[in-house]
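Throughout, read-outs are computed from the coordinates displayed, never taken from laboratory work. Computed from a prediction, not measured in an experiment: that's the story for all the values here. In this analysis, Cβ positions are derived from the backbone assuming ideal geometry, glycine residues included, and neighbour counts consider all displayed protein chains.
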Amino acid sequence: MPSTPSDIFLSQIGAHEGIIHKVVGLYADGKEDREDLYQEILLQSWRSFASFKAQAQFSTWLYRVALNTALNFRRKVRKTETLAATQNLSDTESSDRGDKEMLYLIVKSLDEVDRMLITLHFEGYKNGEIAEITGMTTNYVNVKLHRIKTNIIQRFKAVHNER
Amino acid sequence: MKDELGNGQDLQSLWTQMAAEKFGSQKLKKQNIMEALKQKSTLDIDKLKKGLGIKILWCCGFLVGFVVLMLLNLENIEFLKVMAVATSLYLLAAVIMYLEYKKMKSMPGMDDNVLELMKHNLKAITSALKMERIWGFFVMPLAVPGGILISNTLKGNSIMETLQDRQQLMVALVAMIVVVPLMGLITEKMNNSAFGTQIKSLKENIIKMETLG
């Protein structure tokens with residue numbers, strides 16, 4: 001059983017590290033930026049860990065810290081790499097693997113705020129919870145999510161029609 | 001809203017599969033986590049906090065130096081007068097910067113809501129940059145005439161003698177005319193290149209989160 005704060009922190013991070021991988025994968029390009037963002041998220045999580053309340057869900061708390069860090073993190077690699085990859089979406093093979101890659105690239109090409117909203121939505125958070133995490137109103141989250149999903153579906157269909 | 005994509009798939013299940021495939025196999029090593037916790041933060045807000053802390057230390061260093069110089073020249077009243085003004089100015093600058101530093105220390109944690117934290121960060125970054133501008137505009141240009149006054153009074157000349165010396169006044173004036181805009185321009189350029197993109201991105205994100213486009 002973990003006893004010290006660092007043991008508890010390590011065990012919780014180990015159980016929820018997928019959240020960090022997702023946020024880093026969606027918000028950083030290039031090896032250097034990814035390594036820096038991993039390090040920064042871990043550091044900021046550790047710094048804020050003292051304020052984590054046991055009754056709260058660690059995953060929600062970690063999402064909040066990771067997204068806050070990603071949105072305030074200064075990237076060295078600009079988004080051109082990701083955009084170039086997204087523009088070549090129509091070249092992606094029409095396979096199951098192609099669709100997954102396409103979804104990843106489409107989400108990655110969204111602006112930072114939309115990317116945060118749709119990621120939380122896909123991760124199963126209710127609109128009210130997303131509003132609480134982000135500080136936006138629930139009504140605004142509802143409207144925004146509807147628009148983002150419509151946009152993603154349209155982009156998917158456009159690529160499928162081109163094939 | 002199943003089968004949203006019209007090919008038997010919906011976005012939610014596609015996301016779950018993609019996330020499992022792309023991120024599911026990645027593993028953080030305990031050693032790497034422990035190393036990350038010992039590193040210094042690279043976030044702008046942390047860098048600015050550190051920068052402001054260093055400026056306060058510089059101010060304190062100058063203050064100690066001024067006091068030592070005053071103690072060594074207790075018989076030189078003119079010098080003491082100039083140094084008293086310089087000490088008061090640096091003390092004021094140190095207090096203002098310390099109050100700003102304390103405000104930055106009491107920033108909300110990274111686990112606060114995203115919008116709130118971005119607003120706080122933007123406010124703290126612009127406020128810290130304002131401090132840098134004040135430093136660049138007032139403290140640096142004052143250093144030239146201040147330096148001339150200090151060196152003259154240390155030589156035994158009175159303040160009035162220095163003020164009546166046209167050549168010395170000219171040097172101070174030219175230095176100020178050149179130094180003030182130059183320092184302002186350099187500070188502005190450096191701040192823009194260092195924080196401009198980040199400030200713009202924070203502002204854009206805040207607007208996006210507060211208004212429906």
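Below, the figures for the structure above:
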| read-out | value |
| --- | --- |
| Built amide H within the under 5 Å cut-off of B:Gln26, gap 5+ | none |
| Helix B:44-72 vs. chain B, principal-axis angle (Cα, 0 to 90°, nearest 10) | 20 |
| Chain B - mean residue ellipticity at 222 nm from DSSP helices (-39,500 (n - 2.57) per run, n ≥ 4, rounded to 500) | -27000 deg cm²/dmol |
| Candidate lysines for bridging to B:Lys189, where Cα separation is under 21 Å - those fewer than 8 sequence places away on the same chain excluded | A:Lys76, B:Lys47, B:Lys49, B:Lys50, B:Lys55, B:Lys123, B:Lys130, B:Lys200, B:Lys203 |
| Residue of B:Leu52, B:Leu99, B:Leu149 that the Gaussian network model of chain B assigns the largest fluctuation, springs spanning Cα pairs under 10 Å | B:Leu99 |
| Partner lysines for B:Lys81 [C-alpha distance under 23 Å; skip if fewer than 8 residues away on the same chain] | B:Lys155 |
| Hits among aspartates and glutamates - C-alpha to C-alpha of A:Lys126 under 16 Å, sequence gap 8 or more where chains match | A:Asp114 |
| Fraction in percent of alpha-carbon pairs per bin - 20 Å, the protein assembly as shown | 23, 43, 22, 10, 1 |
| Positive-end residue of B:Leu173, B:Thr16, A:Ile148, charge dipole of the protein assembly as shown with Cβ unit charges | B:Leu173 |
| Charge dipole magnitude, Cβ of K and R +1, D and E -1 - the protein assembly as shown, Cα centre, debye nearest 20 | 360 |
| Values of log10 I(q)/I(0), in the order q = 0.16 Å⁻¹, for chain B under a Debye, Cα-only, solvent-free model | -1.16 |
| By average C-beta atoms within 10 angstrom, highest first, the peptides B:10-17, B:113-120 | B:113-120, B:10-17 |
| Partner chain coverage, peptide A:104-113 - average Cβ within 10 angstrom | 3 |
| Given charges at Cβ of Lys, Arg, Asp, Glu: the protein assembly as shown dipole, positive-most of B:Leu182, B:Ala194, B:Ile33 | B:Leu182 |
| Region B:64-213: relative contact order in percent, alpha carbon pairs under 8 Å with at least 6 residues between | 28 |
| Estimated vicinal HN-Hα couplings, Hz - region B:193-210 in sequence order (Karplus 6.51, -1.76, 1.60; Gly, Pro = x) | 6, 7, 10, x, 4, 5, 5, 4, 5, 5, 4, 4, 5, 5, 4, 4, 7, 9 |
| Residue-averaged beta-carbon neighbours from other chains (10 angstrom radius) around A:119-125 | 3 |
| Highest-first arrangement of B:29-42, A:136-149, A:39-52, where packing means the average Cβ count within 10 Å | A:39-52, A:136-149, B:29-42 |
| Residue-averaged beta-carbon neighbours from other chains (10 angstrom radius) around A:132-141 | 4 |
